[in-house]
Amino acid sequence: MRANWCARKQLLASFLFILTLNGCAAVETRSIVSTEDLPTSKYRRVALFIENLDDAERPMAEQILISTLQNSGVNAVSGQQIFQERGNLSEKAKASLVQKEFDAVLYVSVLEKGVSEHFLPNASHDGQRVTFSNSLNAVVMNFGAAFTYYVSAVDPRTYSLKPDGSVYEQQLVLKTRADLQDTKSAKQVWTAETVASSKPPFVEMPQLFVQASKQIADKLRTDGAI
């Protein structure tokens, strides 16, 4: 279904960063848009394909992104669902269907999803206590002075304590790549990478999908695609 990224004469690169304080999530999106290939009427009918997710997770991700795009005034539907409803279609028939019924196709690929660890240089533990010295945690809690937790009070979903006394912070991360393809010209007119992250357990993966979806829709609108 995908067409090759065609040569572009004019590119516009931009990024969007939002720190969602109420959800403790940080979200950043960087995009590249081929401005000369975008139609003046913008895209209103979009077929969505989610890639690199298993069958159990894909419906949830699709519904979140479809709802977000619909709230932005786009008639977005699941491409996979459309194909299933039409029965056994050849690849040629699928391509023809998409070209006739949609203005564009949005491919969203999940590049990274899960928990990652980040070393905290100003934190240490001795097996009984965890001490933060002049770290962000200490600044927030005690105005820059050292702050100590007992190990039993440390949430293992937030911090990972290593045998050598080092402390790592756990982060839930979702990284996606979104590619928008014009169905009439078969050109890829827009692409973006979005990274959403948060400290568990404050935000779970479905919430990161929501935040990432909002960023994708916002960048599509800001870049003039929808």
Got at least one residue in region 154-173 being under 18 Å from Glu62 (Cβ atoms), at pLDDT 90 or above and either buried (at least 18 other Cβ atoms within 10 Å of the Cβ) or among the aliphatic types (A, V, I, L, M) (or both)?
no
Report whether or not Asn75 is more than 18 Å from the chain's Cα centre (by Cα), modelled with pLDDT of 95 or more and not aliphatic (A, V, I, L, M).
yes
Out of all the residues in region 180-189, is one or more closer than 17 Å to Glu51 by Cα and either within 9 Å of the chain's Cα centre (by Cα) or assigned to a helix (DSSP H, G or I) (or both)?
no
Contact list please: Cβ distance under 7 Å, first residue in region 107-124 and at pLDDT 90 or above, second residue β-branched (Val, Ile, Thr), pairs at least six apart or on different chains.
Val108/Ile50; Val108/Thr176; Ser109/Thr176; Val110/Thr176; Leu111/Thr176; Glu112/Val173; Gly114/Val173
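Output the residue which, of all residues in region 24-83 that are charged (D, E, K, R) and touching a Lys or Arg at 6+ places or on another chain (Cβ under 8 Å), is surrounded by the most Cβ atoms within 10 Å (Cβ to Cβ). Write out each step before concluding.
Looking only at region 24-83, we keep the residues that are charged (D, E, K, R), and these are 28, 30, 36-37, 42, 44-45, 51, 54-55, 57-58, 62.
Filter once more, keeping what is touching a Lys or Arg at 6+ places or on another chain (Cβ under 8 Å): 36-37.
On the way: Glu36: 11, Asp37: 16.
The extreme case among them is Asp37.
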Here the residues within region 54-106 that are part of a strand (DSSP E or B) and within 26 Å of Met205 (Cβ to Cβ) are Ala76, Val77, Ser78, Val105, Leu106
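The values are calculated or read from the model by the stated rules, or taken from the named source; none is laboratory data. Predicted, not measured: the structure shown is a model, and the values here were computed from it. Here the Cβ is made from the backbone with ideal geometry for all residues, glycine too, and neighbour counts use every protein chain on show.
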